[in-house]
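The block underneath contains the structure these notes are about, expressed in structure tokens.
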Amino acid sequence: GGDAQSDVGGGGDAGSAIRVGYSQLGAESGWRTANTESVKENLTAANGFDLVFVDAQQKQENQIKALRDFIAQDVDVIAFSPVVETGWDDVLQEAKDAGIPVVLVDRTVDTTVSDPYVTHIGSDFAAEGKKAGDWVAENAPDAKIFELQGTLGSGAQVDREEGFDAVVGEQVIGKASGNFTRAEGRTATEAALQAYPDMTMIFTHNDDMGLGAIEAIEAAGKAPGTDIQIVSVDAVRDGLQALVDKKFNYVVECNPAFGDQLAELVKKVANGEDVPKETVVEETTFDQTITQAQVDARPY
Ligand code: AHR
């Protein structure tokens, strides 16, 4: 649409910085830290942005408050990574009524508001789950799997689970959430080792929880990677190190480093130019053939 610029008090005019209100959902994982760095490295004053960045500490109420503050400040563009999919109807309607375009970053929303955002950039989480499932189907068709879920109700949890379970759901013997953090991944795994003594594999929705699972497995006197295999998502350096150390068995990449693409999108949105509704970032997979040199070269 071509009406974004005129509604937002001059944002995007030649010579004036684009004011972006950015609500990051938290700092729960290595992935998130890398994502925040990528955003801040690209939405810079030198690149023509005036960035207001707020961390919600994994609390939706904090995100809703930040979004309302951005609306009150009449920023040119709102960008945010929603911690969960639902519960945004009111605030998205308010942004729409104020004529402020919304850019969704990383995770997705489920809302009754029509045309709630201009564009979304992030991963195909269902495809990530399917890649993990395909590896299991081919390499461990008899594994008994405990699924360590991310933040319940988040796009990353819902879609990874759907993609994975569609392939090997019959092998899943139990599930619990570790909220995408290392500490909660450890406690959830400690409980699961008690509840499901016959488990032979963990599918974890991110590396940090998998690293917590390694601690729990080793504390229980078992060997991660052999007694209990671990299939993970993200491919941050610590996760890839676990892969080279043979404690993780397979890692599906989730790419956090798309701040450059985001900056281009936000610029176009502020200028009222057309943008694609969806930008899916490129991602690969890693198995235990990865080398230490590759791990060391990982930028985050
Ligand atoms: O939404 C992306 C997910 O959020 C990452 O996989 C995880 O590490 C982060 O917490």
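Every read-out reported here was derived from the displayed coordinates using simple, explicitly stated rules and does not represent laboratory data. Just so it is clear, the model here is predicted, and its values are computed rather than measured. Note: ideal-geometry Cβ built from the backbone for every residue, glycine included; neighbour counts use all protein chains shown.
Couple of notes before you dig in:
- For region 193-211, filtering for residues that are touching a Phe, Trp or Tyr at 6+ places or on another chain (Cβ under 8 Å) and farther than 30 Å from S123 by Cα leaves 1.
- The condition of being under 20 Å from G122 (Cβ atoms), surrounded by 17 or more Cβ atoms within 10 Å (Cβ to Cβ) and not aromatic (F, W, Y) does not hold for D76.
- One residue alone among W88, W135 is aromatic (F, W, Y) and surrounded by 23 or more Cβ atoms within 10 Å (Cβ to Cβ), and that residue is W88.
- The condition of being among the hydroxyl-bearing types (S, T, Y) and away from the ligand (no atom under 13 Å from the Cβ) holds for T189.
- Listed by position, the helices (runs of 4 or more DSSP H) contained in region 221-300 that have at least 3 residues being of a type outside the set (S, T, Y) and either in contact with a Leu (Cβ under 8 Å, 6 or more places away or on another chain) or crowded, with 21+ Cβ neighbours inside 10 Å (or both) are 237-244, 259-270.
- Any hit, region 233-251, residues being under 30 Å from I18 (Cα atoms) and not polar (S, T, N, Q): no
- All positions within region 207-238 that are within 19 Å of A143 (Cα to Cα) and within 11 Å of the ligand (Cβ to nearest atom): G210, S232, V233
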